[in-house]
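Shown next, in structure tokens, is the structure this report addresses.
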Amino acid sequence: SPGARTRQAAGSGGPVSGPSAARRVPGWLSLGLLSLTALAGLLLFLLPLGWVRIGSMNGLGLFSVLPAASLAGLALLVLAFAGLLGLRSPVPAALGIVLVAVIFCLDGVTAIVEPLPRFATSYQVYGFVNYISRTGHVAPGVTAYFSWPGFFALVAFARRAAGVHSLLPLLTWWPVIIDTLIVVPFLLLTRALRISWRARWLAALLLCLGNWVGQDYFSPQSFNFLLYLVFVAILLTWFSGQRRQPGSKRTPGERSAAQVSTAQRGILLLLVIGIFVASAVSHQLTPFLMIASCAGLVIVGRCTPRGLPILLAVIATGWVSFATAGYWSGHMSTIFGQIGRLGGTISSSVGSHLIGTPTHQVPVYGRIVLAGLIIGLAVLGLLRRRHRRVTDRALVILLIAPFSIAALQNYGGEISLRIFLFALPAAAILAACLFFPETGAGEAGAADAGAADAGAGEAGAAGATAAGTRAASRSHGRLVLAAAVSGLVAVGLAGLFMLTRYGNEGFEQIPRGELKAMNYIYAHQRGGTAVLWLSRPSGINATPQMPWQFRDTASVRFVSLTAPRDPADTAKVIADLRRLGRGAYLITTNTEATFVRQTASYLPRWERSFRAAMAAEPSVRLVVNNRDAAVYKARLPASAPRARSQLHAAATYSGATIWTPVGLAVLILGVVLLAAREFIRECLPARRWLMRPLALACVPVVTLLLIAVVERFRVIS
């Protein structure tokens, strides 16, 4: 038959003819054109960045100085990615390369246009790593972060093993690195779902475009978000436990668990527990999100180790009770004071960010719009899937589970940001399903129907072949239209990302002069000192908009003071500086001044006027003066007491009682019993008769653990 001759020619290396060859040539041509478009977009984005003037930013942040050509290049990259979704079959290499290019543009732009790593808190984290590298231990009494030292210790170990002196290059490119790594477990997660390849890759793009939260700087949170995605991906891929009920009219949104050997299943379960332990010792929040997500999946029947949430809760309770006492012994009201205050927590978390000048409020409200768009698209995608009788139980759980932590505490006013961050993966997948709701197999069958019919080559089936080809063309036409619409939506989201992510860049950048000023303080701290800095608001939870604590974390104490509205009113500032003692410093920076101007509507030339007023004060001495920062010292007699550092706070109170060794013993025993029960359930079905005795044995053990924990809280509080 003609079809047989066509296939024979293809197999022998001869010329290929027929409808399949006609489709193959335009496919390669389209791929080449889209690749050139992506390359042009990347070059168009990067080349104009050399002319960006960071000092000219206004309340819109980096968005106000980005060249229009760079924004157009980003739009071309996103459209090229959407064009790849319109092809008849996936080209994973091209999709992956273009997606990495988009991530590079979104997260690497500041690494190109700014001289130093951005964001003050990344320098603080750098300081914790330096402290462990230098001393070999932690100091929980100095900062709460040292009660969860896993990330700092890991980086310190890797740094020493690699022989690296400075981590500033790593800080610069960390967002690009971590956001690229995040895509890997995310794509693994999507493969456990009944979605098409187009929805899978579009979801990865939406994940990157929706991640405006900015928690991907060099920090434990960024690392733990990666751990969270790996944790969830393993559960859904190998432990989903999804079974379609006989006679059910709905299709599960999840695929059946991937088949592995008993040994491999045991290793995977051990890996899940190990990931949770790594998270529990390195971050305060992520372990509880893991527990909430795992418990939700168990409730809806999408996680076979049904006792796993209890095991994880025991591990988290043990760490918080016995390893972080140096933190919570002095912060009981901070930890428990917000429990149950759901409305107040959310309103304070959101309302505290809706401040500033009218120009600065544009990116602030843009964040709400971007988050609302992602969640809105996710809800519509969920409804469209339900209309197709697909039940996405796992995605619904992963979407709503992060909201459970809102009833615990406001997490320094950032709880709404963390909720959106951890809900984003599920939201991105559901949003992609709005454009491509197919479960995968149906789409492939419809799109390839014409090719299968054309390959038959039977003369008597010419009419059926033509009808099949027309049906496949219509189906592919709808997919191309969906890809085009999704591309336009993604372009809008990319623009919003650049506006919202970098709307604070006026005070989140780190100029060279500020680093020089802070290095001067560290070089002259002489065994410990205090640094006074001005901001609004001020207080315990205030964070300086400058590089801080990156050296000698325990040797320099930072004290915040509300900046006077009148820059000439320096009396209280000088009095507080003198009160700190001999050797204390006052620092003022351009970024901090920009912060109070944009968020608290201070005078446009506030810092310049303040420096002029301080220059006229004979009781202070200017020790550092450059375009970006100024440092002052009070003129005090040699008999004045020296400024104190944080070294005096390094001692911690363990609160050990007779229940402490009992609690540690039952903690270890409880973890062993609960873990053994889950390993038997998953890996040794012939020994499941042991599960009930193990469950009964766990009851008194967990009860004793709870008694020990309550006793520790009672004593230390």
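Assorted remarks:
- Residue separation of Thr562 and Leu188 scaled by 0.36 nm, minus their Cα-Cα distance, works out to 129.8 nm of gained length.
- Chain lengthening between Leu168 and Asn625 when straightened (0.36 nm per residue, less Cα-Cα): 162.1 nm
- Extension gain for the segment Thr357 to Leu603, taken as residue separation times 0.36 nm less the Cα-Cα distance, is 87.4 nm to one decimal.
- Local net charge near Phe119, Cβ-Cβ under 11 Å (Lys/Arg +1, Asp/Glu -1): -3
- For region 364-437: rounded, prolate or oblate by the Cα gyration tensor [a/c cutoff 1.5]: oblate
- Packing-based ranking, highest mean first, of 186-197, 158-169, 228-239 given that Cβ atoms within 10 Å are counted: 228-239, 186-197, 158-169
- Förster-model FRET efficiency, 45 Å R0, His137 and Arg611, C-beta, rounded to 0.05: 0.65
- Calculated FRET efficiency for the pair Val100/His524, C-beta based, R₀ 41 Å, to 0.05: 0.40
- Set of lysines near Lys572 by C-alpha distance (under 25 Å), chain-local residues within fewer than 8 positions excluded: Lys633
- Sum of side-chain charges, Ile132 neighbourhood, beta-carbon under 14 Å (Lys, Arg +1; Asp, Glu -1): +3
- Efficiency of FRET from Cβ geometry, Leu43 and Ser473, R₀ 41 Å, rounded to 0.05: 0.75
Values quoted throughout were computed directly from the atomic coordinates according to the rules given, and no laboratory measurement underlies them. Worth saying up front: this structure is predicted, and the values here are computed from it rather than measured. Because the Cβ atoms are built from the backbone with ideal geometry, glycine has one as well, and the counts that use them run over all protein chains shown.
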